[in-house]
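The values are calculated or read from the model by the stated rules, or taken from the named source; none is laboratory data. Treat the numbers as computed from the prediction; the structure is a model and nothing was measured. Cβ placement follows ideal geometry from the backbone for every residue including glycine, while neighbour counts extend to all protein chains displayed.
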Amino acid sequence: MSQASIRLTGEPPVKHRELGDTIATRQLYILLRILALIMLLLAFFPGLNPARVTALVNKNMSLFTSGTSYTSLTADSGRALMRGWVSPEAFRMLYAGSLAAILGILSLVACACMSLGNLRYKRLGNGILMAGSLILIAGLAGIYLAYRQFAAFPEQNRVNASFPDAIFLFAGLALLALILGLLLQFALLPRAPLGMKYEMHTRYRLFLMFLPFAALAFVFAYLPLLGWRYAFFDYKPGGTLDASNYAGFKWFSFLFTQSATRQDILRVMRNTLAMSGLGILTSWVPMALAIMLAEFKSRRFSRTIQTLITIPNFISWVLVYAVALAMFSTDGFVNGFLSILGITSSQNYLMGSESIWLKMLAWGMWKGVGWSAIIYVASISAIDPQLFEAATVDGAGRFQKIRYITVPSLLPTYSVLLLLSIASILSNGMEQYYVFRNAQNAASIEVLDLYVYSLGIENGIIPLSTVVGMMKTFISLVLLFVANSVSRLVRGENIV
C-alpha cells in the first residue's frame, strides 16, 4: 500500500494496527459501550423498573434492588402473602427474573470493558455479550411469567397487576446488543491467531482499575444531587413532588428572612468555623507524629506505636462515646479514682458546654491523628536516603536533618492537605457531635452537618434542610477554588 493510498483511506497499513481494528468495528464498539452504559443506568431508575408488575412492589424500587434483595422486593407484601392474595412462588419467579436481568446487564458491561483489549479479548467479550443478552432476555421472560401469575390471582383489586412498558425497552436493547455481538463475532472480526495472548494497553487497564471508584463516586457523591429538587417543593415525609406543592424559591427566602432561622445559622456557623479552625490550627500534629515515628531506631517499636494510634480510627463514634461515658460520667473511672485519693467528686465531665470545643478537638485527635499520619509516614519513606547520608558526612545532627531535609520534603504534602481542609471547612461531619450532644451543650456543639440532620430527619423540615445543604455545597466550592488559586500563586501548582 502506497503512502498516497494511506492518506486517501485515512487508515494505517494492516501491519501497524491490531487485527480486526477497522472503522466499522470501532464504531460498533463505541455503540456497544454506550448501550452498556445506558442499560446499567436504567437498572438504577425506579421509574423504568420492568419488575414492577404489581402494586405490591414499591414504586421507589429499581431493577437492581429487585434482583439483589428479595427482602426489599417483598417488603410491602407481608399482608398479601399472609392472607393468601398472592403466592410466594410468584415473587420467587419475579426475583429470579430480575436477578437474571441484572446478570445479563453486567455481562454487557464486562463485554464493553473487554472491547478495550486486543482481538482475543474482543472475541471473548463478544461471546460473553451474546450469552449476557440471552440471559437478559430470559430474565425478562421470567418477569413476564411472574406478571402472568400475579394477573391470575383472584384478589386483583388488592394485587393490581399491570404489565410494565419498561420490559419492551429492555427487550429492545437486549436484542440490539445480541445483534451487535453476532455481527462482530461472525462477520467483522477475524479469528484470533494461535498463541495470541490476552493483552490490553496500559492506559486502558488503568482506566478499568479507576472505573469502579468513579462509579462509587458517581453513586454516592453526584447521584444524591437529585435530592436538591426537594428545596423547591413544600414536601412532607411520605408525600410526593408535583405541581400542587411546588414552592419555587420560598424556602430560600425563608432561610434569610426569618430572624430565628438567621440566628440558628449564625450560631451553627460559629460552632462549625470554631471547631474546623481548631482542627486546621492543629493540622501539623500528624506530620510531627510521623517524624517522631520515623526517628525511632527500632522499626518494630515504631510499627507497634503506629498500629496502636491508628486503631482508634476504626472505632465508631458510638463506641468512643461509650468509652468516654465509662471514664468521665458521674460514677465513671475518673471520679472513682479521685475518691480513692480522698477527693470527693460527682461531676459529670460530659455534661455542660464548658470548653466543649477543646473536648471535641481532643477526642477527634485521639481518634484520627494516627490515621492522618500515615500519608506523612509514606512521604518520609520516599525521601532519598542519600540526602541523610550527605548531611551526616557534613556533620548535621538529628534535629538539623529534620529541619533541613525531612520537614521541607513534607511541606508540599502538608500544603495540599491544608488547602483541602480549608476548602472543606464547613464539612466537619456530624457523628461525633451527635453522640456527644446533650441538653446542656446542644447550643455549643451543633455544627452545620448536625443542624441539617436535625432539620430534615428529626424535625421533618426537609425542604429547608435541603436549602441549607445546597448553600453549604456552594460555599465549599467557592472555598475550594479560592484555595486552588492560593496554591497556584504560592506554590505554582494546582490542587484540582
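Selection of the range 359-374 for residues being under 18 Å from Ala290 (Cβ atoms) and aliphatic (A, V, I, L, M) yields Met365, Val369, Ala373, Ile374. Candidates are the residues of the range 116-138 that are over 29 Å from the mean Cα position of the chain (by Cα) and touching a residue at least 60 places away in the same chain (Cβ under 8 Å); the one that is surrounded by the most Cβ atoms within 10 Å (Cβ to Cβ) is Lys122. From the set of residues in the range 41-55 that are at pLDDT below 90 and either hydroxyl-bearing (Ser, Thr, Tyr) or not in a helix (DSSP H, G or I) (or both), which is farthest from Ala138 (Cα to Cα)? Among residues in the range 41-55 that are at pLDDT below 90 and either hydroxyl-bearing (Ser, Thr, Tyr) or not in a helix (DSSP H, G or I) (or both), the one farthest from Ala138 (Cα to Cα) is Ala55.
Counting only residues that are without any contact (Cβ under 8 Å) to a residue 24 or more places away in the chain and not in a loop (DSSP other than H, G, I, E, B), which one in the range 84-115 is nearest to Ala51 (Cα to Cα)? This residue is Arg92.
Here is a yes/no grid of residues against (1) under 24 Å from Glu431 (Cβ atoms); (2) within 26 Å of the chain's Cα centre (by Cα); (3) surrounded by fewer than 13 Cβ atoms within 10 Å (Cβ to Cβ); (4) touching a residue at least 60 places away in the same chain (Cβ under 8 Å):
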position	(1), (2), (3), (4)
Asn271	yes, no, no, yes
Ser276	yes, yes, no, yes
Ile305	no, no, no, no
Val318	yes, yes, yes, yes
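For the range 63-83, the tally of residues that are within 22 Å of Leu42 (Cα to Cα) and loosely packed, with under 13 Cβ neighbours inside 10 Å stands at 1. Of the helices (runs of 4 or more DSSP H) that lie entirely inside the range 417-496, those containing 1 or more residues that are within 20 Å of the chain's Cα centre (by Cα) span 431-436, 448-453, 462-490. Would you mind stating whether Ser353 is at pLDDT below 90 and either exposed (fewer than 15 other Cβ atoms within 10 Å of the Cβ) or out of contact with any Phe, Trp or Tyr (no Cβ under 7 Å at 6 or more places or on another chain) (or both)? Yes. Within the range 334-345, is there a residue that is within 30 Å of Tyr433 (Cα to Cα) and either crowded, with 17+ Cβ neighbours inside 10 Å or not assigned by TED's automatic domain parsing to the domain that holds Leu289 (or both)? Yes, the range 334-345 contains at least one residue that is within 30 Å of Tyr433 (Cα to Cα) and either crowded, with 17+ Cβ neighbours inside 10 Å or not assigned by TED's automatic domain parsing to the domain that holds Leu289 (or both). Across the range 48-62, the qualifying residues are those that are out of contact with any Asp or Glu (no Cβ under 8 Å at 6 or more places or on another chain) and touching a residue at least 40 places away in the same chain (Cβ under 8 Å), and the one among them that is farthest from Ala80 (Cα to Cα) is Leu48. Residues that are aliphatic (A, V, I, L, M) and touching a helix residue (DSSP H, G or I) at 6+ places or on another chain (Cβ under 8 Å) number at least 3 in the following helices (runs of 4 or more DSSP H) confined to the range 117-184: 119-152, 166-183.
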